[in-house]
Amino acid sequence: MNYNPPVTADFLRGAAFHEAGHVVVARFLGLTVGKIEIGDDGSGNTKIGSAKHLPLIDQIALCVAGIEAEALFNVPEFKHAALIDYQRVSILLEGITPDESFECRNAAYGRALEILKKHMSEIEQLANRLIEEKHIDASVLAVEPAATNE
């Protein structure tokens, strides 16, 4: 028997911070961000340009940025919200040893968290706007790109 809890304002908040985390890390890494949206069902999606040219650690950091943003802001995660992110990480790590995989994942989580901590106000601003509007075209965001690689 599958139980799907009702979507609450907390889950919408979690989805908003999750997507805002992806956006901030993507912009920090110099990637193009398109439409950002959260659904009334607690889902979310962000259109981000290709990261294939980035180092592996940065590619994984982008994948886990939403998960790290949820933890950083202590917002609830909707069941299976990060499943796609974990699948993307798995694909990126195919063909390397378990020890190398562990090292890459740890470095990437640290990288994502480092970027997110430097841009907490931007994340919060974007998440709150997402909660209100449900979808945003990133090309019209008033917030300047987070930064270039520091």
Query raised in the report: Quick one, which of [x] 67; [y] 54; [z] 71 is the actual percent of Cα pairs over 18 Å apart calculated for this model?
Result: [y]
Report task. Give a residue-ordered list of calculated ³J(HN,Hα) values for region 103-109 (Karplus: 6.51 cos²θ - 1.76 cosθ + 1.60, θ = phi - 60°; whole Hz; x for Gly, Pro). Result -> 4, 4, 4, 4, 4, 5, 4
Query - Sequence of 37, 100 when ordered by accessible area, the most exposed leading, probe 1.4 angstrom - result: 100, 37
Query raised in the report: Roughly how many Å² of residue 58 are accessible to a 1.4 Å probe, to the nearest 10?
Result: 10 Å²
Query raised in the report: Which value in deg cm²/dmol, rounded to the nearest 500, describes the helix-derived mean residue ellipticity at 222 nm for the chain, given -39,500 (n - 2.57) per DSSP H run of n ≥ 4 and division by the residue count?
Result: -18000 deg cm²/dmol
Report task. Determine how large the accessible area of residue 48 is when every protein chain is in place; take a 1.4 Å probe and give Å² rounded to the nearest 10. Result -> 50 Å²
Report task. Report the trypsin sites (Lys or Arg not before Pro) located in region 12-107 that are in a DSSP loop and have at most 15 other Cβ atoms inside 10 Å of their Cβ, or state none. Result -> 52, 79
Requested in this report: Report the relative contact order of the chain, percent, no decimals, based on alpha-carbon pairs under 8 angstrom and at least 6 residues apart.
Outcome: 37 percent
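What does the charge count around residue 44 come to, taking other residues whose C-beta lies under 12 Å from its C-beta (Lys +1, Arg +1, Asp -1, Glu -1)? Don't skip to the end; give the middle numbers.
Values: positive: 13, 35, 47, 134; negative: 19, 37, 40, 41, 70, 77, 85.
Surrounding charge for residue 44 is -3.
The values are calculated or read from the model by the stated rules, or taken from the named source; none is laboratory data. Just so it is clear, the structure is predicted and the values come from calculations on it, not from any experiment. Cβ coordinates were reconstructed from backbone atoms using ideal geometry, including for glycine residues, and neighbour counts include every protein chain displayed. The protein model used for the area step is the full one, side chains on, heavy atoms only, and it has no ligands, DNA or RNA in it. Shrake-Rupley method; radii C 1.70, N 1.55, O 1.52, S 1.80 Å.
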